[in-house]
1. How would you order 251-257, 161-167 from highest to lowest mean count of nearby Cβ atoms within 10 Å?
2. Which shape class, rounded, prolate or oblate, goes with the range 1-149 when its Cα gyration tensor gives a ≥ b ≥ c as root eigenvalues, a/c under 1.5 marks rounded, and past that a/b bigger than b/c marks prolate?
3. Counting only protein heavy atoms and using a 1.4 Å probe, what share of the accessible area of the chain belongs to carbon plus sulfur, as a whole percent?
4. Kindly rank 206-216, 6-16 from highest to lowest mean number of other beta carbons found within 10 Å of each residue.
5. Compute the Cα gyration tensor for the range 355-458, then decide on rounded, prolate or oblate, letting a ≥ b ≥ c be the square roots of its eigenvalues: rounded whenever a/c is under 1.5, prolate when a/b is larger than b/c in the other cases, and oblate in all that remain.
6. Note the full-extension length gain between Lys349 and Gln110 as 0.36 nm times their separation in residues minus their Cα-Cα distance, in nm to one decimal.
7. Within the set Lys47/Lys169; Lys47/Lys125; Lys59/Lys171; Lys59/Lys150; Lys394/Lys449, which residue pairs have Cα atoms separated by over 19 Å?
8. Show which lysines lie in cross-link reach of Lys354 when reach means a straight Cα distance below 27 angstrom and same-chain residues fewer than eight apart are skipped.
Amino acid sequence: MSLQLSDFKRWFSEHNKSVLDDYFTLLKFPSISTDPEYAPHLQACMKWISEYLRKLGLKVEVWETKNHPVIFASLLEAGPDRPTLLMYNHYDVQPVDPLELWKTPPFEPQIRNNYVFARGASDNKGQLSYTLSALRAYMALAKQHRVNLKLFIEGEEECGSVGTVKILKEKKKFLEADHCLIIDSGIPNAETPAVTLGVRGITTMEFSITNSKIDLHSGVFGGIVLNPNQAMATLLASLWENGRVAIPGFYDNVVGLSDEEWAQLDHDFDKKHIEKNFGIRVFGGEAGYSLHESNWRRPTLEINGMWGGYTGKGFKTVIPSTAHAKLSCRLVPNQEPEATAKLIMEHCKRSLPKGMEMNYEIHHGGMPAYSSPKSKVVSIVKEAYGDVFGKTCKCTVSSASIPLVADLAAASGAEVALIGTATDEDDIHAPNEHFGLHQYERGFLVIGKILSLLSDSH
């Protein structure tokens, strides 16, 4: 007899305390991947997850990378004639700054009004935790395992997956699968189920411009020395013109979603809801395109940080020797990350006032990735979402990026679907990140239902 949704609901109710305890344990690891000082905490987190999976009966391997290791776990007893499911999560989290804006310590999870507050509560430890719990339930409830399982849990998603991407090429034969779930996505809101068919790509870079050996007195040198902050501001402002990126060649390779693909997506875009929930006063968008198209269908260039001179409390009258900026792009097919970043940096270098020195560094990137709404894994996910939420599941794409998606799809040869029960209101990457216990339970049930449907498939 196949597993029913009611079986998973009953199991969750009976094991609620231990599930929550495991979730809180996971959240207490300060696994910040961007800061080398936290490397021991990432190791500790990795070991805890590995031991959890071993106790479930999975074979666990730790694949070392340049930065933080990948956990690869498998259970292949269903045999070669049965479907193989590869599931992706990550155990690293973003930094917590600014710390003073947190109402409670970011690595001391607390429940307030049925929401869990902690760094990683949603992204991605909340979704990793309900995946682990669903596997635990499946292992306990299923009398026969009729689906082969593979888990790929990385530790450097929040810092670009540079080492992880290299591992994919070395371990390709281990990753072969029929279906792949990227459990690091979300839904439009807590009551609306949706499967994400794709993500934009990303490239990031930073650069500095220098005009003197040291900071200069703004009275003595003001008016005769070109201020690097002024030069930087002028340069950055020139990157856009009439609502479009003004860098020659930036749009040359853009293909994006076809009209047919665009027509198959849900087009609900609640501008007022976004405006209200995030306190947005002014919207942007690319000229000639709707906000929705600008967010889902078009590439972007953003300033993520800029500074120079004295930025502390009080005042210091200096002309800085150097000004700095950090930029990122969200990419669509067929834009390539490194080529796009080089195009931008070379344009900036050509646009500098003659004589100024410029240094730049291109950081991590990832290709855009999109899947067919007609694939079997998307059909199964839609059915699972529909059963759990009691509503028809929609198809969307994400304006965000998960650098590894395209590479993991290529390495595994699998059909891919991006899923999750996170929402934009979870404040991921921000102070007071949170995740609703109702979102957690629904995520658990969706994973359980997917496992059940794959087990019953022919």
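The values are calculated or read from the model by the stated rules, or taken from the named source; none is laboratory data. Computed from a predicted model, the values in this text were never measured in an experiment. Don't worry about glycine lacking a Cβ; one is built from the backbone with ideal geometry, like all the others, and counts go over all protein chains shown. For accessibility, only protein heavy atoms count, side chains too; no ligands or nucleic acids. Shrake-Rupley method; radii C 1.70, N 1.55, O 1.52, S 1.80 Å.
1. Ranking the peptides 251-257, 161-167 by packing returns 161-167, 251-257.
2. oblate
3. 50
4. 206-216, 6-16
5. On the way: a/c = 2.95, a/b = 1.57, b/c = 1.88.
In terms of gyration-tensor shape, oblate.
6. Once the chain is fully extended between Lys349 and Gln110, it gains 81.2 nm.
7. Beyond 19 Å: Lys47/Lys169.
8. Straight-line reach from Lys354, under 27 Å: Lys213, Lys326, Lys342.
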